[in-house]
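Right, one structure below, let's go through it.
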Amino acid sequence: MKKYVAPPFRIKMVEPIRLIPKEDRIKALEKAGYNPFQLRSEDVYIDLLTDSGTGSMSQYQWAALMIGDESYAGSKSFYNFEKVVKDITGYEYVIPAHQGRGAEQVVLPQLVDGKEGMHFISNMHFDTTRAHVEIAGARAIDCVIEECFDTETYHPFKGNFDLIKLEELIKDKTAEKIAGIIMTITNNSAGGQPVSLENLRGVKKIADAYGITLVIDGARYAENAFFIKEREEGYQDKTIKEIAKEQFDLADIFLMSAKKDGLSNIGGIIAIKKDEELFTKCRTYIVPMEGFPTYGGLAGRDLEALAVGLEEALDVDYMTHRIDQIRYLGDRLREGGVPIQYPVGGHAVFVDCKKIAPHIPFGQFPAQAVCNAVYIEAGVRPVEIGSFLLGRDPDTGEQLESPMELMRLTIPRRTYTYAHLDVVADACIEVYNNREKLVGFDFDFEPPVLRHFTAKLKPVK
Ligand SMILES: Cc1ncc(COP(=O)(O)O)c(C=O)c1O
């Protein structure tokens with residue numbers, strides 16, 4: 001018998017979806033250059049490309065849209081949004097951005113401050129974060145614990161920083177050359193894996209010792225807090241909000257793609273604990289990049305929806321169901337023999353494609369091959385998190401080898417039922433059972449930055 005944590009909501013509006021015939025899926029994928037990002041959503045049955053902006057809003061959020069104040073400057077909706085962000089983070093300064101990368105493009109160059117030879121060190125940089133580090137003229141170094149790369153062995157906090165390596169890196173590069181330490185919670189690229197408060201405290205201690213700014217890249221900070229509540233000793237009786245606050249207390253800056261734990265379709269957040277000078281620089285710089293600092297690329301109604309969504313994401317019933325859905329899909333795949341990053345993280349199940357297609361070299365993108373096969377099988381759209389996404393060395397142009405070749409099955413919030421997840425699991429198991437037929441891919445077209453979004457591929461003959 002399946003054990004479900006029944007959703008703490010019922011559905012009152014539906015969006016029809018349909019499965020197009022297999023021969024049409026084959027044609028659609030070919031037309032998309034074997035890149036699921038290039039598929040039309042109408043050709044997708046169950047869309048697990050991302051959890052970013054794809055969730056369902058609550059009735060309270062839809063109601064909030066109606067009271068959006070669309071004033072260009074000083075909108076009432078900004079002050080509602082600011083109040084909620086200040087309450088959750090305890091930070092002094094808040095600026096909205098249109099999404100996570102909007103926040104990154106404003107803040108990261110201020111931290112680099114035009115200096116040569118600067119670095120950011122992160123447990124793992126998300127791809128847009130890495131891109132903005134590089135655009136700002138710096139270099140991105142990842143420093144996650146080794147256990148993260150062992151997909152089979154249980155570790156409660158696979159997103160953790162390797163503290164010994166972090167200190168070695170700082171000494172090696174020298175503290176003056178470190179523009180910031182970025183703690184990504186949860187650690188998206190490693191499987192939505194959480195970070196413990198103990199680890200965050202360790203990073204803070206090192207950052208303080210060397211006088212380095214600590215940034216939380218917290219698109220999924222509430223999911224992270226939930227894992228702490230479940231797994232870290234002493235936190236079982238605390239609320240998600242209390243734990244989230246402890247996370248924020250340990251950092252200086254909070255950047256957020258609010259399209260995730262903001263439970264909204266668009267939005268980003270810059271929050272600064274107390275550095276007024278940095279805030280003034282960001283406020284100035286955001287105007288030409290995102291817009292006036294009280295709207296930051298968002299409509300007043302988006303700010304209202306976010307103000308409500310940010311609170312809803314801290315609700316324990318909501319979060320228990322959210323994480324249960326990910327675990328349900330993970331368990332179904334494991335039962336079917338499909339290798340996954342274990343334990344599952346907060347927003348997706350990550351399938352270990354190095355194990356599924358060891359016959360495909362990293363330069364022919366084994367995880368992309370699995371993603372494409374899953375689409376053909378059942379119209380399910382996953383996304384590759386591996387060498388295709390990682391790209392090339394910015395200095396040498398050589399294809400980098402990702403330590404993991406993953407297919408991410410990303411679950412949108414409050415959107416699909418367990419029955420949809422059964423279709424996904426059956427499709428993945430079918431592809432796994434026919435894994436020897438998978439072939440790799442070569443480029444037909446390769447853009448220079450963030451290539452995975454728009455590249456075109458062709459199957460290797
Ligand atoms: C950890 C993390 N940081 C930053 C971003 C970028 O945010 P956005 O897609 O809203 O620009 C994402 C998006 O997925 C993310 O997961």
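The values are calculated or read from the model by the stated rules, or taken from the named source; none is laboratory data. Just so it is clear, the model here is predicted, and its values are computed rather than measured. All Cβ positions, glycine included, derive from the backbone under ideal geometry; neighbour counts span all protein chains shown. Accessible surface areas use protein heavy atoms only, side chains included; no ligands, DNA or RNA. Shrake-Rupley method; radii C 1.70, N 1.55, O 1.52, S 1.80 Å.
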>> If I go through the range 240-259 residue by residue, how many of them are in contact with a helix residue (DSSP H, G or I) (Cβ under 8 Å, 6 or more places away or on another chain) and not in a loop (DSSP other than H, G, I, E, B)?
In response: 13
> What is the one condition in (1) within 14 Å of the ligand (Cβ to nearest atom); (2) touching a residue at least 60 places away in the same chain (Cβ under 8 Å) that Tyr221 does not satisfy?
Replying inline: (2)
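Out of the residues in the range 127-140 meeting the condition of being among the hydrophobic types (A, V, I, L, M, F, W, C) and open to solvent by less than 30 Å² (accessible area, probe 1.4 Å), tell me which one is nearest to Ala190 (Cα to Cα).
Narrowing the range 127-140 to residues among the hydrophobic types (A, V, I, L, M, F, W, C): 131, 133, 135-136, 138, 140.
With the extra rule that they be open to solvent by less than 30 Å² (accessible area, probe 1.4 Å), the set shrinks to 131, 133, 136, 138, 140.
Numbers: Ala131: 17, Val133: 19, Ala136: 24, Ala138: 22, Ala140: 16 Å.
Of everything passing the filter in the range 127-140, Ala140 is nearest to Ala190 (Cα to Cα).
Return the residues of the range 204-218 that are within 16 Å of the ligand (Cβ to nearest atom) and buried (at least 24 other Cβ atoms within 10 Å of the Cβ); say none if nothing qualifies.
Step one: of the range 204-218, the residues within 16 Å of the ligand (Cβ to nearest atom) are 214-218.
Answer for the range 204-218, where residues must be within 16 Å of the ligand (Cβ to nearest atom) and buried (at least 24 other Cβ atoms within 10 Å of the Cβ): Val215, Ile216, Asp217, Gly218.
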>> Conditions first: (1) within 27 Å of Pro288 (Cβ to Cβ); (2) within 16 Å of the ligand (Cβ to nearest atom); (3) of a type in the set (D, E, K, R); (4) modelled with pLDDT of 95 or more. Glu92 passes all but one, so which condition is the exception?
In response: (2)
>> Looking only at the range 43-60, filter to residues that are of a type outside the set (D, E, K, R) and within 16 Å of the ligand (Cβ to nearest atom); which one of those is surrounded by the most Cβ atoms within 10 Å (Cβ to Cβ)?
In response: Leu48
> Residue check, Lys456 against (1) basic (Lys, Arg); (2) open to solvent by 60 Å² or more (accessible area, probe 1.4 Å); (3) under 19 Å from Val338 (Cβ atoms), all met but one. Which one?
Replying inline: (3)
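Tally the residues that are aliphatic (A, V, I, L, M) and surrounded by fewer than 21 Cβ atoms within 10 Å (Cβ to Cβ), restricting the search to the range 141-159. Spell out the reasoning first.
Our first condition is that a residue be aliphatic (A, V, I, L, M); within the range 141-159, this holds for 141, 144-145.
With the extra rule that they be surrounded by fewer than 21 Cβ atoms within 10 Å (Cβ to Cβ), the set shrinks to 141.
Number satisfying all stated conditions: 1.
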>> I need the helices (runs of 4 or more DSSP H) fully contained in the range 318-407, keeping only those with at least 1 residues that are surrounded by fewer than 18 Cβ atoms within 10 Å (Cβ to Cβ) and among the basic types (Lys, Arg).
In response: 353-356
> What are the residues in the range 184-199 that are within 12 Å of the ligand (Cβ to nearest atom), in contact with a helix residue (DSSP H, G or I) (Cβ under 6 Å, 6 or more places away or on another chain) and assigned to a helix (DSSP H, G or I), if any?
Replying inline: Ala190
>> Taking the conditions exactly as written (touching a Gly at 6+ places or on another chain (Cβ under 6 Å) and closer than 17 Å to Ala140 by Cβ), does Lys177 satisfy them or not?
In response: yes
> Scanning the range 290-308 for residues that are within 16 Å of the ligand (Cβ to nearest atom) and in contact with a helix residue (DSSP H, G or I) (Cβ under 7 Å, 6 or more places away or on another chain), which turns out farthest from Leu65 (Cα to Cα)?
Replying inline: Glu290
> For the subset of the range 31-42 comprising residues that are among the charged types (D, E, K, R) and either within 16 Å of the ligand (Cβ to nearest atom) or assigned to a helix (DSSP H, G or I) (or both), which member is farthest from Ile385 (Cα to Cα)?
Replying inline: Glu42
> Taking the range 260-289 as the search range and keeping residues that are surrounded by fewer than 24 Cβ atoms within 10 Å (Cβ to Cβ) and part of a loop (DSSP other than H, G, I, E, B), which one is farthest from the ligand (Cβ to nearest atom)?
Replying inline: Lys274
> Do any residues in the range 252-270 that are without any contact (Cβ under 8 Å) to a residue 60 or more places away in the chain and farther than 15 Å from Phe126 by Cα have Cβ atoms under 7 Å from those of residues that are near the ligand (Cβ under 10 Å from one of its atoms) and in a loop (DSSP other than H, G, I, E, B), where the two are at least six apart or on different chains, and which pairs are they?
Replying inline: Asp261/Ala219; Asp261/Arg220
>> So Gly234 ticks every box in (1) more than 13 Å from the ligand (Cβ to nearest atom); (2) open to solvent by less than 10 Å² (accessible area, probe 1.4 Å); (3) among the small types (Gly, Ala, Ser); (4) not in a helix (DSSP H, G or I) but one. Which box is left unticked?
In response: (2)
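Is the range 340-352 home to any residue that is touching a Cys at 6+ places or on another chain (Cβ under 6 Å) and under 30 Å from Phe441 (Cα atoms)?
no
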